[in-house]
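J.: One structure coming up, written as structure tokens, with questions to follow.
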Amino acid sequence: MKIRYKGPKEDIPVLLENLKNGDIEFVLSGEDFELKKQSVPITSLIGELDNDFVIINYEDIIFVESYAHEVSCITKDGIYRIKEKLYEVEGLFSEYGFLRIHKSYVVNIKQIKRIVPEFNRKFKLVLSNDQKIEVSRRYFVEFKEAIGMKV
């Protein structure tokens, strides 16, 4: 496996030290990876609808869904196809309140209207567009912690 770093040379010693100390966690999938330092925080995605491209600000995103190898960004204005994968959206916008709640969903927790408890450690979320999606058992505890519910 190769890792390519794109960023200032003066950051390399710190990066190497973090790698040696185990302060960086990798999830490997058998591919090569590229580390790149972001100089400007990313606050939007590019969505596609009817061969037009639209800039989607993170505040407008209700949730992101992956279905049949397509990733869709659901906003109050429509459903846009995006190129990013779910884990990328989760990583890009985690500091803005985006959270993985299911293998197929990342939700903007600021867009949750109601949380409905269900059996077997699950929740049903009613979102700002009145759509309902499920928090799976796998993500149940992390979801509760993220929104400040007692575990």
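The values are calculated or read from the model by the stated rules, or taken from the named source; none is laboratory data. Model, not experiment: these values are computed from the prediction. Note that each Cβ is placed from the backbone with ideal geometry, even for glycine, and that neighbours are counted across all protein chains shown. All accessible areas refer to the heavy atoms of the entire protein, side chains included, with ligands and DNA or RNA removed. Shrake-Rupley method; radii C 1.70, N 1.55, O 1.52, S 1.80 Å.
J.: Per DSSP H run of n ≥ 4, the term is -39500 (n - 2.57); total these for the chain, divide by its residue number, and report the mean residue ellipticity at 222 nm rounded to 500 deg cm²/dmol. Walk me through the intermediate numbers first.
T.: Values: 3 runs with 26 residues, N = 151.
Mean residue ellipticity at 222 nm (helix-derived): -5000 deg cm²/dmol.
J.: How many Å² of accessible area per residue for the chain, probe 1.4 Å? If you can, show how the numbers build up before the last one.
T.: Values: 10660 Å² over 151 residues.
Result: 71 Å² of accessible area for each residue.
J.: Just the accessible area for V71, please: 1.4 Å probe, Å², rounded to the nearest 10?
T.: For V71, the solvent-accessible surface is approximately 20 Å².
J.: Once you keep just the Cα pairs under 8 angstrom separated by 6 or more residues, what percentage relative contact order results for the chain?
T.: Numbers: 217 pairs, mean separation 20.4, N = 151.
Once divided by the residue count of the chain, the mean separation gives 13 percent.
J.: For the full complex of protein chains and a 1.4 angstrom probe, list I109, I61 by accessible area with the highest value first.
T.: On the way: I109 50, I61 0 Å².
Sorted descending by solvent-accessible area, the residues read I109, I61.
J.: Can I ask one more? Looking at the range 100-151, which trypsin sites (Lys or Arg not before Pro) are in a loop (DSSP not H, G, I, E or B) and have at most 16 other Cβ atoms within 10 Å? Walk me through the intermediate numbers first.
T.: Values: sites: R100, K103, K110, K113, R114, R121, K122, K124, K132, R137, R138, K144, K150; in loops: K103, R121, K150.
Listed in order of number, the matching sites are K103, R121, K150.
J.: Let me ask something else. Note the full-extension length gain between I109 and H69 as 0.36 nm times their separation in residues minus their Cα-Cα distance, in nm to one decimal. The partial results should precede the final answer.
T.: Details: separation 40, 0.36 × 40 = 14.40 nm, distance 2.40 nm.
Full extension from I109 to H69 adds 12.0 nm.
J.: Treating the beta-carbon of each Lys and Arg as +1 and of each Asp and Glu as -1, no other charges, what is the dipole magnitude of the range 69-151 about its Cα centre, to the nearest 20 debye? All intermediate terms of the calculation are to be shown ahead of the outcome.
T.: Working: 17 positive and 11 negative charges, 73 e Å.
So the dipole magnitude of the range 69-151 works out to roughly 340 debye.
J.: Next question, about the same structure. Can you list the lysines whose alpha carbon is less than 22 Å from that of K132, not counting same-chain residues fewer than 8 positions off?
T.: K76, K85, K103, K110, K113, K122, K124, K144
J.: Shifting gears a bit: For the chain, which whole-number percentage of the solvent-accessible area (1.4 Å probe, protein heavy atoms only) is attributable to carbon and sulfur atoms?
T.: Values: 5260 of 10660 Å².
Using a 1.4 Å probe with all protein chains present, the chain comes out at 49 percent carbon and sulfur.
J.: For the range 83-151, state which chymotrypsin sites (Phe, Trp or Tyr not before Pro) are in a DSSP loop and have at most 15 other beta carbons lying within 10 Å of their beta carbon.
T.: F119
J.: I would also like to ask the following. Starting from the Cα of K9, draw a straight line to each of the lysines and keep only those under 23 Å, dropping any in the same chain fewer than 8 residues away.
T.: Cα-Cα hits under 23 Å: K20, K36, K37.
J.: Can you tell me the length gained on complete extension of the stretch I79 to V54, counting 0.36 nm per residue apart and subtracting the Cα distance?
T.: On the way: separation 25, 0.36 × 25 = 9.00 nm, distance 1.09 nm.
Here the segment from I79 to V54 would lengthen by 7.9 nm.
J.: For Y5, enumerate residues with amide H under 5 Å from its amide H, sequence gap 5+ or separate chain, H modeled in the peptide plane.
T.: It is L35, by chain and number.
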